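This report refers to the structure that appears directly beneath it.
The values are calculated or read from the model by the stated rules, or taken from the named source; none is laboratory data. Computed from a predicted model, the values in this text were never measured in an experiment. So basically every Cβ, Gly included, is an ideal-geometry build from the backbone, and we count neighbours across all protein chains shown.
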Amino acid sequence: MNATRGEQPENTTEGDETTFVTLGRVSGLYGVRGWVKIHSDTDPRENIVGYAPWYVDRGRGWEQVELDGGRPHGKTVVAKLAGCDDRDQAAEWIGATIAVRRDQLSNRLAEGEFYWADLQGLTVATTGGVALGQIDHLFETGANDVMVIKGDRECWVPYLWQQVVKDVDLENRRMVVDWDPEF
């Protein structure tokens, strides 16, 4: 099974008391009544509007935001933030990062499934013990997810459970892959 974006984001940011997990960002404006376009990292993408409340960072730290509505719109998602009633107010949110508290996420994952946020930063080594580096980020290709591992050099390794990814040890922040370090 692929590493799951599921209801999950790409980054984890430590707060004073709460861990926030990034789900997406505000990417543009929609209409004139305060709606915004959302780039969602959830799968399916419309799951992002099912979380409440959102925590949004516009470069000044996390602020709690309630939604007045949200829905899929073509290949994107649109949302109405509480108190954002016109296009000018909505424009102030463009580029903002959207997150939720870690405890808002489902913990029901099948074997071999992990939230991307949990995989980022893991130290990766081959089954032969060759260190490849740390997982910087992941992205989707359609066929499978790909881990971008940065070490002495950058390498892209497909996230294919048991075919390539042999072991994930979240407690010790390590992953073992069956991968040619020269590839």
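Considering only residues that are closer than 14 Å to LEU119 by Cβ and modelled with pLDDT of 95 or more, which ones fall in the range 137-155?
Hits for the range 137-155 are VAL146, MET147, VAL148, ILE149, LYS150.
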Would you confirm whether any residue within the range 88-99 is on the phi > 0 side of the Ramachandran plot, assigned by TED's automatic domain parsing to the domain that holds PRO44 and in contact with a strand residue (DSSP E or B) (Cβ under 7 Å, 6 or more places away or on another chain)?
-> yes
Exactly one of THR42, THR76 is touching a helix residue (DSSP H, G or I) at 6+ places or on another chain (Cβ under 8 Å), of a type in the set (Ser, Thr, Tyr) and closer than 21 Å to SER106 by Cα, and that residue is THR42
Qualifying residue in the range 122-132 (condition: under 19 Å from the mean Cα position of the chain (by Cα) and under 27 Å from ASP57 (Cβ atoms)) = yes
Can TYR55 be described as of a type in the set (Phe, Trp, Tyr), more than 30 Å from TRP161 (Cα to Cα) and crowded, with 22+ Cβ neighbours inside 10 Å?
-> yes
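Quick grid of which residues meet (1) closer than 17 Å to THR42 by Cβ; (2) surrounded by fewer than 17 Cβ atoms within 10 Å (Cβ to Cβ); (3) polar (S, T, N, Q):
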| site | (1), (2), (3) |
| --- | --- |
| ARG101 | yes, no, no |
| SER106 | yes, yes, yes |
| GLU113 | yes, yes, no |
| GLY121 | no, yes, no |
| VAL130 | no, yes, no |
| GLU140 | yes, yes, no |
| GLY151 | no, yes, no |
| TRP156 | no, yes, no |
| VAL165 | no, no, no |
Could you check GLU171 against (1) within 21 Å of the chain's Cα centre (by Cα); (2) touching a residue at least 12 places away in the same chain (Cβ under 8 Å) and say which number it fails?
-> (2)
